[in-house]
Amino acid sequence: MTINATSRELLLQLQSVISSLPCDYAEARVALNESTGIALSGDEVDSISSGESRGGSIRMFNRGAWSFGSFNDLSGIPARAGALLRRSVALAGTAPGVFSSKPVVAQYATRPARPCGDVSFDEKFGLMRRYNGILKKPSLVQTTRSMYRDSRSIRLYCNTEGTAVSYERSFCGVSFTAIAKDGSLIQPFSESAAGYGGFELAQGREEMAERAAGMAVDLLRAEPVPGGVYDVVIDPHLAGVFIHEAFGHLSEADFIYENDRMKELMAKGRRVGGESLCIIDDGSIEGLTGYIPIDDEGIAPGPAFLVKNGVLCGHLHSRETAYRMDEEPTGNARAISAMAQPIVRMTNTYIENGPNNLDGMLDAAEGGLYVADALGGQTNLEMFTFTAGYGRAIKNGRPGKLYRDVMLSGNTFQTLADIAMIGNDRAMFGGLGGCGKKGQSPLPVSFGGPHILVKNVLIGGRGR
């Protein structure tokens, strides 16, 4: 699927329709998609899907209110725009306005090394059968789940400011879950990798499948972690999950501007950590799962500092929230599809590197825990609970004895303040999963950070 004369003509048609609308602001999005999905579970083929879809939407801001309409019949776009205009005349909203931006006229494309459309279904299926075989190999592995997904799409966007963008996007990835069982004890472990590119992103993942199966079995033999308060070295994966779930969502301005408690918590200028702490969201990093050349309101993303040198300095914005809070838009208005409305979402969110190395942090956390990976968690405003994939006792400056059932709980801001050391080994993580918000899931994002040492972390487990 490539941008051709037909898609260029469609973009011109969208521009003509949008420019004819007498309103404060309007935009149109259309996506043409092809996708393949394979899911294997144990010895069974769980599902196979392959198909094409197309659809789009028009959104209009007029008289302080948004009007939105989606469609999957591309021949009906002018009629849909006319219906929206008639509806908008009858509305009178309270939104004070939307932020204006300079027009962007550009064409973007993913350049896969091996386009997924050139790979036969049999080859994709055979690759997943081999991965699933690796997952099933240990005798204690009770069941498995192996997933493959690729999608190719052409995305068209235009608005009344003169922005006109086409984006040829190719996405591919795999995920593996092994569930080991011994008596009544069950231990799952998962791995996933995905990104913008071609079939090459799915190939060569044998070690990842072996690790998922091996960790599930090893955790069966591990003891539950003794509960208590520890100094904890957190690996880049779990550090990224923490910063996305516990802090990133608090930074989304649609959650802030109408909530007095959140305005107080997320006030710019508030010190939340030490001088080395910087937290950034950046959708412009090509290749990462949260990459977007422009957001779904036509705003180009860039590094948005949420925390700089320990001080809260920014929020994530759409055009409307930026206008309401008198701040600059950040390119974070995103929709799960061209037929859904943009809302404020993260892209690639991470803790920036600090000055320390891992050996120094392990020495400083002697007697504490090394915790890694993430099985899940939940947040409630500034409170969080996360379950790590596993933990290890830190002894003689090295991660040693393996523990399971490692649950971390705390207050986000106290935890940020308790970060005592920040490593210099940042890594980013994405996968076939994604972020969920307001019924739009899974949105591709990535997250990450370096190793961090956090003091006085409450760890749930058996009595210490």
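The values are calculated or read from the model by the stated rules, or taken from the named source; none is laboratory data. Please read all numbers here as calculations on a predicted model, not as lab measurements. Cβ: placed from backbone, ideal geometry, glycine included. Neighbour counts: every protein chain shown. Calculation scope for accessible area: heavy atoms of the full protein, side chains included, ligands and nucleic acids excluded. Shrake-Rupley method; radii C 1.70, N 1.55, O 1.52, S 1.80 Å.
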Subset of the stretch 72-100, residues in contact with a Ser or Thr (Cβ under 8 Å, 6 or more places away or on another chain) and either of a type in the set (S, T, N, Q) or surrounded by fewer than 15 Cβ atoms within 10 Å (Cβ to Cβ) (or both), comes to 72, 88, 91
The lone condition residue 286 fails out of (1) of a type in the set (Asp, Glu); (2) open to solvent by less than 50 Å² (accessible area, probe 1.4 Å); (3) under 15 Å from the mean Cα position of the chain (by Cα) is (2)
Within the stretch 174-206, residues under 26 Å from residue 347 (Cβ atoms) and of a type in the set (Phe, Trp, Tyr) come out as 176, 196, 199
For strands (runs of 3 or more DSSP E) lying entirely in the stretch 27-142, having 2 or more residues that are among the aromatic types (Phe, Trp, Tyr) picks out 65-71
Please verify whether residue 433 is in contact with a strand residue (DSSP E or B) (Cβ under 8 Å, 6 or more places away or on another chain) and more than 30 Å from residue 298 (Cα to Cα), treating the condition exactly as stated. no
Take residue 204 and tell me if it is of a type outside the set (Lys, Arg), surrounded by fewer than 20 Cβ atoms within 10 Å (Cβ to Cβ) and in a loop (DSSP other than H, G, I, E, B).
yes
When the stretch 278-306 is checked residue by residue, the ones that are within 17 Å of residue 245 (Cα to Cα), touching a helix residue (DSSP H, G or I) at 6+ places or on another chain (Cβ under 8 Å) and not acidic (Asp, Glu) are 279, 306
Test result for residue 327, modelled with pLDDT under 95 and open to solvent by 10 Å² or more (accessible area, probe 1.4 Å): no
Picked from the stretch 14-26 (must be in contact with a helix residue (DSSP H, G or I) (Cβ under 7 Å, 6 or more places away or on another chain) and not in a helix (DSSP H, G or I)), the residue surrounded by the fewest Cβ atoms within 10 Å (Cβ to Cβ) is 23
Report task. Kindly check whether there is at least one residue in the stretch 250-263 that is open to solvent by less than 30 Å² (accessible area, probe 1.4 Å), among the small types (Gly, Ala, Ser) and at pLDDT 95 or above. Result -> yes
The residue from 69, 42 that alone is surrounded by 13 or more Cβ atoms within 10 Å (Cβ to Cβ) and without any contact (Cβ under 8 Å) to a residue 24 or more places away in the chain is 69
Condition set open to solvent by less than 10 Å² (accessible area, probe 1.4 Å) and in a helix (DSSP H, G or I), scope the stretch 207-241, selection nearest to residue 346 (Cα to Cα): answer is 240
Contact list, first residue from the stretch 189-205 and among the basic types (Lys, Arg), second anywhere and surrounded by 22 or more Cβ atoms within 10 Å (Cβ to Cβ) and at pLDDT 95 or above, beta-carbon distance below 8 Å, six or more apart or interchain, is 205/131; 205/174; 205/176
Among residues of the stretch 404-426 being closer than 12 Å to residue 274 by Cα and not aliphatic (A, V, I, L, M), the residue surrounded by the fewest Cβ atoms within 10 Å (Cβ to Cβ) is 414
